[in-house]
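S.K.: Structure in structure tokens, see below.
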Amino acid sequence: MPDTERDVKIKICGLRRMEDIKYANMLLPDYTGFILADGFSRQITKKQAAEFASQLDKRIKRVGVFVNQPAKTAAEYVNNGIIQYVQLHGDEDNRYIDNLKGYVKREFGIIKAIRVRSAEDIKKAADYKCDYLLLDAYSGRQAGGGNGVVFDWTLIKNISKPFFLAGGISHLNVADAIKMVKPYAVDASSSMETDGYKDYNKMKAFVDAVHGGIR
């Protein structure tokens, strides 16, 4: 947990064009997310991820999003310096996490996404051997996030691990979210898009709203 609301971090997920990288460099979120799983509209290739990583401001931490892919696949992205954090957004368990840690040869972080339907989902998440949790909405659609669905924030209680709050977070509700659940970070994607692509004005509105909400 952040010590104060002023410490809340920002993660912008689903960057997939060089324009998005330029926008991020202008706004300087704490984290950016690359979708590296198959079958998603915001998916990018390994070559694109490497190119984007080389152009992204070094102050911004790079997160790769994976869904039920081999641990070796995720580890390659870390070992090649493309990403610094692995976000697991599928059914990966602690055995998977142990294998991933064994394959990675440099310092990195693990974020485990939880699709929240009940308080029990959050309670069980405490057992994961990850550095952070990411609490997202369960929408009934496939895993991977970016669905723009909000879950019941009152379910968030007594979490021992620092967590990213995702699921329908936008410039309209992020200040309330920060005050209510005091996350380590807030994570947004679809709310910053127009016609499926990142919109600088919406990205800036989100960043400004976070900063306004933690003053």
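No lab work stands behind these numbers, since they all come straight from the coordinates. In this text, all values refer to a predicted model and were calculated from it rather than measured experimentally. A quick note on method: Cβ atoms are made from the backbone with ideal geometry, for glycine too, and the neighbour counts reach across all protein chains shown.
S.K.: Report, by chain and number, residues whose modeled amide H sits under 5 Å from the one on G109, excluding near sequence neighbours (fewer than 5 apart, same chain).
M.R.: For G109, whose amide H was placed from the backbone, the distant partners under 5 Å are Y85, V86.
S.K.: Residue-wise, which Karplus ³J(HN,Hα) couplings in Hz belong to the range 110-123, taking 6.51 cos²θ - 1.76 cosθ + 1.60, θ = phi - 60°, and x for glycine or proline?
M.R.: Couplings: 10, 10, 9, 7, 10, 8, 8, 10, 8, 5, 5, 4, 6, 4 Hz.
S.K.: Further question: Once you have the Kirkwood Rh of the range 40-151 from its Cα pairs, apply Stokes-Einstein at 20 °C and 1.002 mPa s and quote D in µm²/s.
M.R.: My calculation gives 145 µm²/s for D.
S.K.: List the lysines whose alpha-carbon lies under 17 Å from that of K105, not counting same-chain residues fewer than 8 positions away?
M.R.: Candidates past the 8-residue exclusion: K72.
S.K.: Under 21 Å between alpha carbons, and skipping anything fewer than 8 positions from K161 in its own chain: which lysines qualify?
M.R.: K9, K11, K61, K101, K112, K123, K124, K129, K179, K182
S.K.: According to the Kirkwood expression over distinct Cα-Cα pairs, how big is the hydrodynamic radius of the range 5-213, in Å?
M.R.: Every distinct Cα pair counted, the radius reaches 16.9 Å.
S.K.: Give, rounded to the nearest 20 debye, the magnitude of the charge dipole that the chain has about its Cα centre when Lys and Arg contribute +1 at Cβ and Asp and Glu contribute -1 at Cβ.
M.R.: For this selection, approximately 360 debye.
S.K.: Counting other Cβ atoms within 10 Å, which trypsin sites (Lys or Arg not before Pro) in the range 4-35 have at most 14 and lie in a DSSP loop?
M.R.: Here the sparse-neighbourhood loop sites are R17.
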